[in-house]
Every structure is written in structure tokens, then in C-alpha cells.
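Down below is the structure, laid out as C-alpha cells.
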Amino acid sequence: MKILVYAEVRNGKLKSTAAEMLTEARKLTNNNTENIHAVLLGEGCSAHAQTLAAYGAGKVFVVETPETNTYQCEPHIQTISQLVQNNGYTLVLGPASPTGRDFFPRLAVRHKAGMLTDVVSVKNDSGKIVARRPIYAGKCIAEVCSQTALTFVTVRPNVIPSEIFNSSASAATEKFTPNFNASAFKSKIADVRKGKSEKPDLTEASLIISGGRAMGNADNFKILHDLADIVGATVGASRAAVDSGYAPHDMQVGQTGKTVNPNLYMAFGISGSIQHLAGMRTSKVIVAINTDPDAPIFQKADYGIVADLFQAVPLFKDELKKITDA
Ligand SMILES: Cc1cc2nc3c(=O)[nH]c(=O)nc-3n(C[C@H](O)[C@H](O)[C@H](O)COP(=O)(O)OP(=O)(O)OC[C@H]3O[C@@H](n4cnc5c(N)ncnc54)[C@H](O)[C@@H]3O)c2cc1C
């Protein structure tokens, strides 16, 4: 099995999904890293080649053409397509991020290949690619199998724990210049406007403080932002809070929001529905603050506090300030 991993780079930063996919690729090849290639796209991306080697990439293609600096669907498709044609991969892994979700299915159509989306694990079953993906809000896991010789797979971020293979490994790096057919470029990114927050995105954050319906209104979310600022945490929200207009959708954690995997997840006034848990259950430590001692979130929480969040938040703020000021 020969695997290509699309290692996503955004704003010059390598996404952690690359390490997760390379870890999975190593399992599929029994650590035969010669058969694991990775591709980096964007200006200055070669700086990440060493990291990819440490996670098991035997070869790294570096594509630093102007067309691929900012994500655009068609140049990305043409680049990966040409690498697939040149190198005869059987499996191409990409993240189930907005970028991967956008262009991987199109790639699969172009190659008349199987497409398995949003998977949480991949295995090689006598030469066939079999993957597992959550369905029905994470209540069931479906096993899906590709029927084609070449398969494209998008992997859900923050589910597969990444493991370093060899921190001093260095990959063979190869500069790749795609032969673009510019007449097929049907759209162009005219402008990219950054969001206001300088904090890490929820999917990359190691500390997350989330609020639920109990926040009551958008203004009340300010107390969570103030608390988060003390420790550099990113603020998340339940879908009920988002649907009520208290927080924007990009803050939503859960099955129809973001999957997160922080070291610490604090849930203020969140009941712990199965759909919310689907997005944060792998957090290393979960702290729940809820007035209802029977709230389902307490079954998942490492630390549970039965309290009114409006009383608990100022107490947390004072204590965290003491620690950070010390
Ligand atoms: C197809 C589908 C997809 C979905 N996707 C998602 C998703 O991605 N993410 C998601 O979150 N949900 C999702 N949902 C919705 C989910 O089912 C729940 O409705 C939602 O998670 C509930 O949000 P909540 O816990 O904030 O609100 P509630 O369930 O209303 O819970 C509020 C909690 O706050 C507590 N509380 C009240 N006052 C206070 C106070 N002063 N202090 C402390 N605690 C207090 C209450 O005891 C209660 O436990 C989805 C649903 C469906 C059907």
C-alpha cells in the first residue's frame, strides 16, 4: 500500500491533523515509511518537512507555487491529481477540515475513486480500505469499505492520537511544480478577512471554556471570554447557545460543530447531550459546572461542580488570577 498524506498548512502553520494522519498511515504500512509520502502546499511550507518526517513521512513533496499559497480548490485538485498519477498511490488521506471537505470529494470524482468521509480510523482488510465513521450523532459506528483500487479518505481531526515515530528522522524532500491547466480555474480567492480573535482555533486549542443555553444571552458570554483571557483559553459554545444567537457558529462544539481535543475542557451550563459529547468527549480533563446534579455531562466529567455558573465564574476568575499573578 502506497499512501499520500495531504498535510494542511494554514497561515504558515502546520495543522495537527497531519501528525494524526501520518500516525494512522504508519499502522497501515506496518511502519514502512518508504511507502508514506506527504505533500505540503504554500509559501515557506518546506519548514514543516522535518516535522512530517518525525511522524513517519518517508518523502515530502513541497509545492510553493503562487497558485497554491492560499487555498483554492482547482489548483489543489490539480496538484494532488498529478502526484497521484506520477506515484501510483492506493490511498490518499486528508483532513475532514473545511479545506479537505471541499476538495477531496472532487478529487475522488476526477479519479473515479472511492471516497470515505469524516472517518475516525482506517484499516487495510486484505488490500481493501475499510474505515469507521460515526453515524446517528455518534450513537453508532458504521464500517465503510472502498471498492476501488485508489481511495480518498478524509479523517476527522482530533480523534486519532498522534505519535512521533522518530524525532530525528529526516524525509527526502522534493520540490514539485505542478503543470497547471489555468483555464480550468473557475474561481479565484479575491480576499481573505481574518476573524477578530487571535486565540487558537477551537480545533487546535489546548484550553477551552464553553458556555451553553444557560448563559442566557450574548452579553453574558463576555464573562467566559474574560475568564478565558486570563489563561489564554479559547471560548466554545453548545448548539443551543449558537441557535439562540448567543455565540457565532464557528464557536460550536459537537457533532454539527467542531471536534475538539484540548487538555482541559470546561463546560458552563451545558447539559451534555450526545451531540455535544461527540465533539469534546476525548478532552483530557473535563470540568462541568451545572445547577442540575443529574445533568448527563457529569457522567463524562472528571470534575463536576453543582453550582450556578454566574456564581462559579467569578470564583474561578479570582483563583486563576492568583495563580497567573504569582
Ligand atoms: C442532528 C443534531 C445535531 C446536533 N449537533 C449539536 C452540536 O454539534 N453541538 C451541540 O452542543 N448540540 C448539538 N445538538 C443539540 C443537542 O441535542 C442539545 O440540544 C444541545 O447540546 C443542548 O445545549 P445545552 O446543553 O447548552 O442546553 P440545555 O440542554 O438546555 O442545557 C442547559 C444546561 O444548563 C444548566 N443550567 C441552567 N442554568 C444554569 C446556571 N445558572 N448555571 C449552571 N448550569 C445551569 C441546566 O441544568 C442544563 O443542564 C444537535 C442536535 C441534533 C438533533
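The values are calculated or read from the model by the stated rules, or taken from the named source; none is laboratory data. Keep in mind it's a predicted model, so treat the numbers as computed, not measured. For neighbour counting, all protein chains shown are included, and Cβ atoms are generated from backbone atoms with ideal geometry for every residue, glycine included.
Scan ALA184, ALA241, ALA169 and give me the residue that is within 16 Å of the ligand (Cβ to nearest atom) and in contact with a helix residue (DSSP H, G or I) (Cβ under 7 Å, 6 or more places away or on another chain).
Just one listed residue meets the conditions, ALA241.
Can you give me the number of residues within segment 47-75 that are surrounded by fewer than 21 Cβ atoms within 10 Å (Cβ to Cβ), outside any loop (DSSP other than H, G, I, E, B) and more than 19 Å from the chain's Cα centre (by Cα)?
The first filter runs over segment 47-75 and keeps only residues surrounded by fewer than 21 Cβ atoms within 10 Å (Cβ to Cβ), leaving 47, 50-51, 54, 58-59, 62, 64-67, 69-74.
Adding the requirement that they be outside any loop (DSSP other than H, G, I, E, B) leaves 47, 50-51, 54, 59, 62, 66-67, 73-74.
Pick out the ones that are also more than 19 Å from the chain's Cα centre (by Cα) and you get 47, 50, 54, 59, 62, 66-67, 74.
Selection size over segment 47-75: 8.
Outside the structural domain of SER97 (by TED's automatic domain parsing), within 9 Å of the ligand (Cβ to nearest atom) and either aliphatic (A, V, I, L, M) or assigned to a strand (DSSP E or B) (or both) - does that describe any residue in segment 217-225?
no
I'm told LEU277 meets every condition in (1) assigned to a loop (DSSP other than H, G, I, E, B); (2) under 24 Å from the mean Cα position of the chain (by Cα); (3) not polar (S, T, N, Q) except one. Can you identify the failing condition by its number?
(1)
Name the residue that is nearest to the ligand (Cβ to nearest atom), counting only residues in segment 226-238 that are crowded, with 19+ Cβ neighbours inside 10 Å and in a helix (DSSP H, G or I).
LEU227
How many residues are touching a Leu at 6+ places or on another chain (Cβ under 7 Å) and assigned to a helix (DSSP H, G or I) if we restrict to segment 280-318?
Counting residues in segment 280-318 that are touching a Leu at 6+ places or on another chain (Cβ under 7 Å) and assigned to a helix (DSSP H, G or I) gives 4.
Among the residues that make up segment 271-289, is at least one of them within 12 Å of the ligand (Cβ to nearest atom) and more than 30 Å from CYS140 (Cα to Cα)?
Scanning segment 271-289, I find no residue that is within 12 Å of the ligand (Cβ to nearest atom) and more than 30 Å from CYS140 (Cα to Cα), so the answer is no.
Okay, residues lined up against (1) among the hydroxyl-bearing types (Ser, Thr, Tyr); (2) in contact with a helix residue (DSSP H, G or I) (Cβ under 9 Å, 6 or more places away or on another chain); (3) not assigned by TED's automatic domain parsing to the domain that holds ASN166:
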{"position": "ASN11", "(1), (2), (3)": "no, no, no"}
{"position": "ALA19", "(1), (2), (3)": "no, yes, no"}
{"position": "THR23", "(1), (2), (3)": "yes, no, no"}
{"position": "GLU43", "(1), (2), (3)": "no, yes, no"}
{"position": "SER46", "(1), (2), (3)": "yes, no, no"}
{"position": "LYS59", "(1), (2), (3)": "no, yes, no"}
{"position": "LEU93", "(1), (2), (3)": "no, yes, no"}
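Assess whether ASP294 counts as being without any contact (Cβ under 8 Å) to a residue 40 or more places away in the chain, over 17 Å from ASN158 (Cα atoms) and near the ligand (Cβ under 8 Å from one of its atoms).
no
In segment 76-115, how many are more than 16 Å from ALA7 (Cβ to Cβ) and either part of a loop (DSSP other than H, G, I, E, B) or touching a residue at least 60 places away in the same chain (Cβ under 8 Å) (or both)?
Count: 7.
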